[in-house]
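Please treat every number below as a calculation from the coordinates, not as lab data. Just so you know, these numbers come straight off a predicted model, no measurement behind them. Neighbour counts run over all protein chains shown; Cβ positions are idealised from the backbone, glycine included.
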Amino acid sequence: MLRALSGSRFGRFLLPFIFLVGSLGTPLLGNDELRGLEERLVSLFAENQSAMVRVKAVYPSKNKAEGEEVPQVVIGTGFFISREGLIITNASIVYQPLRVWIEHDQIAYSAEVLGVDERTNIAFLRTHSLPSNFSFFHLTDRPDLPPVGSFILRLSMPLEFSASPSFGMVSGFESRFGERFFPCTYVRTTIPAGPGDGGSAYVDLTGRLLGIQVGSLPDVASSYILPARAALRIRDDILFSGQVTYGWIGFEVDIETSIENGKQIVLNEIFEDSPAMKAGLIEGDILEQIGDYQIHSLDDLRNAMFYTRVGQYVDIRIVRDGEPRRMSVKMDARPKDEPMEIIESVEMDPAVDPLKEKPESANEQPMPFEKDFNQSPEEESAGAEDSVSGNPEPAS
């Protein structure tokens, strides 16, 4: 069922222009600059639209009125990331389907799911045959992200429409939303998510892939991007072993703040027989660095743990009794009984069946990583611990 264009959708197109015009209506960019920006956006879309695919998956569903089994078709966006036809999309679209396929240039290609990571809400597919003409994005390990205010372009395959661009800006960086903790730092944008936009590609004005859309903030017309570097880390695990393993050192931390020392990350518990204990870490150690990551906040700690691979030796720098120390720790795989909050977004990206009168989302499928981010923390669980490794935040 088609809906009338709402005010929020007008805002989707007007928002970028608000920032191109001063408070008194004076353009911040001249005509030549605006024309150059427009030409660049058109060029970026033309160069990359052939990398985009529509992802479709079939799930069993019950017709409540008739009591009979009818298939549910779930739709989302994906894009090629290799010459061999590897595709990245949202895990919420292709989690244990009966069948999955992609559509490229109005031609359907059967596909298989190579692996999914529920925690980041991404999945990787491989087609059984390749389109005759397609482009692909490069996943890079560059750690730098564009500053807040940078222009970005989203490419998506909403519903049954062809590849479509949306223009916006980077609006923030978060590794948590309220009581929800993300596995690493996500990029927040001013581009809202609509049905079928989950799995969209985001590029900056140089054409560099910034990441993949994994979640939305509908109340503020925003979306969340998992950075390309994070997607690369997940891809490597899935292609190597078919599953994603997360690292674990075996400690919990508290944040201590003082006028003299500012904010410090202090170890408050060392788990028995953990890498942290074997390396000689003790309670009260002030954590300053893990590998290449200086630790000034819990965000830094989450990123360090996310990007450090299992089996990798990392140098850890601490301060103990006022004296700096260094030690080497081998990252272990997180124990299966170790609590880990599984999060993919603030709201599951819409993946819909356009044949139904009312669009259905992928949330209807029972998924172990499904979360209702409109639910209050009190409703979800009582007595959540406020530490980097309690519940809901996983131990490091």
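Other residues within the sphere of radius under 12 Å centred on the Cβ of Ile88, judged by their own Cβ, net out at +1 (K and R +1, D and E -1). When each of Ser50, Ser328, Ser216 is scored by the number of other beta-carbon atoms lying within 10 Å, the sequence from fewest to most is Ser328, Ser50, Ser216. The calculated FRET efficiency for the pair Arg325 and Leu239, based on their C-beta separation and a Förster distance of 35 Å, comes to about 0.40. Pairwise Cα distances in region 247-333 exceed 16 Å in 48 percent of cases. Reported to the nearest whole Å, the Cα centre-to-centre distance from region 251-276 to region 93-108 is 46. Residues within the reach of a label modelled at Arg126 (point 7 angstrom out along Cα to beta-carbon, backbone nitrogen below 11 Å), restricted to region 85-105, are 85-87.
Summing Lys and Arg as +1 and Asp and Glu as -1 over all other residues whose Cβ lies under 14 Å from the Cβ of Asp236 gives a net charge of +1. Add +1 for every Lys or Arg and -1 for every Asp or Glu among the other residues with Cβ under 9 Å from the Cβ of Arg325, and state the total. Result for the local shell: +1.
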